[in-house]
Amino acid sequence: MSQSHTFFLYVGDLLAKHKVIAGSALTIVSKELANRLFTILRLREQERVQLFSDTQVLTLTLTASPRPKDTICAIVQSIEKINAPKKIVIAAIGLLKKESFEEAVHHAAVTGATHIQPLITTKSRKGWMHEREAERLKAVIIAACEQSKNRYIPLLLNPQTLTAACTAWPQACRIGFEAENSKPLSTLIAWVTTTAPLCSQIFIGPEGGFTTEELGTLRTEDVEFYQLTPTILRSQEATCLALGLIGAL
């Protein structure tokens with residue numbers, strides 16, 4: 001059976017108790033995973049799927065299951081270890097309204113952020129996130145990584161003030177994006193291309209941007225500001241473009 005797309009699914013610690021060997025048969029008992037594979041994605045025998053955890057990626061070819069409602073049978077085609085990312089990218093994003101912030105977090109995960117730092121600012125629509133909101137954002141992050149085949153699931157950090165966020169990463173090269181009184185994007189491209197920083201902290205303001213006082217605080221913390229486009233972007237759009245640019249460079 002031909003299959004044009006290989007689905008990439010996060011399974012957490014589901015595989016921790018299994019002894020996985022390339023070329024061998026693997027049986028996984030999980031009602032939730034079986035439902036995703038056979039009911040939602042409608043995968044069939046001989047089709048491939050990739051399952052990933054925090055430490056490895058398995059490429060599997062599905063075989064006939066005696067109990068498709070809760071049991072997955074497959075042949076392990078390959079096992080790939082997931083190493084720690086070589087470069088750290090912290091997406092520091094001003095807190096937005098729920099849907100807008102979820103979109104920004106999705107873009108950050110898709111474009112390769114290793115950490116997502118919500119920022120408490122003057123124009124933030126909310127302060128501290130509730131536990132339920134944090135769990136929802138973690139689900140958004142995982143879905144984004146599955147969709148983009150990003151094996152490094154970004155760590156969602158607790159909301160911080162601007163100064164606290166900078167203090168947490170003293171070794172980071174700090175980059176901000178602001179529409180006015182900022183350096184041209186060509187300057188950033190030249191700098192990142194030649195410097196290739198191992199740890200970058202990217203600051204994206206909330207709706208309405210950072211205040212004059214906050215911009216002063218960030219500049220005091222050695223944040224260099226650049227203009228992404230000659231137009232005004234929403235925070236989630238700026239997150240996508242900024243993180244995509246840094247990742248590409």
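Among VAL192, VAL140, rank each residue by its count of other Cβ atoms within 10 Å, from fewest to most, as a rough exposure measure.
Neighbour counts put them in this order, fewest first: VAL192, VAL140.
Going 7 Å from the Cα of THR6 toward and past its Cβ, which residues in region 58-85 have a backbone nitrogen under 16 Å from where you end up?
58-63, 74-82
Using r as the Cβ-Cβ distance of THR212 and LYS97, and R0 as 22 Å, what FRET efficiency do you calculate, to the nearest 0.05?
The calculated FRET efficiency here is 0.45.
Write out the trypsin sites (Lys or Arg not before Pro) in region 80-133 meeting two conditions: DSSP loop, and at most 10 other Cβ atoms within 10 Å of their Cβ.
Here the sparse-neighbourhood loop sites are LYS86.
Give the calculated FRET efficiency between ARG219 and ILE40 to the nearest 0.05, with a Förster radius of 45 Å applied to their Cβ-Cβ distance.
0.40
By how many nm would the segment from LEU14 to LYS81 grow when fully extended, if each residue of separation counts as 0.36 nm and the alpha-carbon distance is taken off?
22.5 nm
Add +1 for every Lys or Arg and -1 for every Asp or Glu among the other residues with Cβ under 15 Å from the Cβ of ALA74, and state the total.
+2
Relative contact order (percent) for region 7-81, with alpha-carbon contacts under 8 angstrom and 6 or more residues of separation?
Averaging sequence separation for qualifying contacts and normalising by length gives 39 percent for region 7-81.
Straight distance only, please: which lysines reach the Cα of LYS17 with their own Cα at less than 21 Å, same-chain residues fewer than 8 apart left out?
Leaving aside lysines fewer than 8 places away in the same chain, those within reach of LYS17 are LYS31, LYS69, LYS81.
How big is the antiparallel share of DSSP beta bridges in region 88-248, given as a percent to the nearest 5?
0 percent
What is the extension gain from ARG234 to ARG136, computed as 0.36 nm multiplied by their sequence separation minus the C-alpha to C-alpha distance, in nm to one decimal?
Working it through step by step, the gained length comes to 33.1 nm.
Near the amide H of LEU156, under 5 Å away, which other amide H atoms are found, from residues 5 or more places off or on another chain, if H is placed in the peptide plane?
ILE116
Could you work out the relative contact order of region 47-117, using alpha carbon pairs under 8 angstrom and six or more residues apart, expressed as a whole percent?
Rounded, it is 24 percent for region 47-117.
Please list, or write none, the aspartates and glutamates whose alpha carbon is within less than 18 Å of the alpha carbon of LYS19, excluding same-chain residues fewer than 8 places away.
ASP54, GLU80
Can you order the peptides 71-79, 23-31 by their average number of other Cβ atoms within 10 Å per residue, highest first?
Order by mean packing, descending: 71-79, 23-31.
Values in this text are rule-based calculations from the coordinates and carry no lab data. If you're wondering where the values come from, they're calculated on a predicted model, not measured in any experiment. Virtual Cβ from ideal backbone geometry, glycine too; neighbours counted across all protein chains shown.
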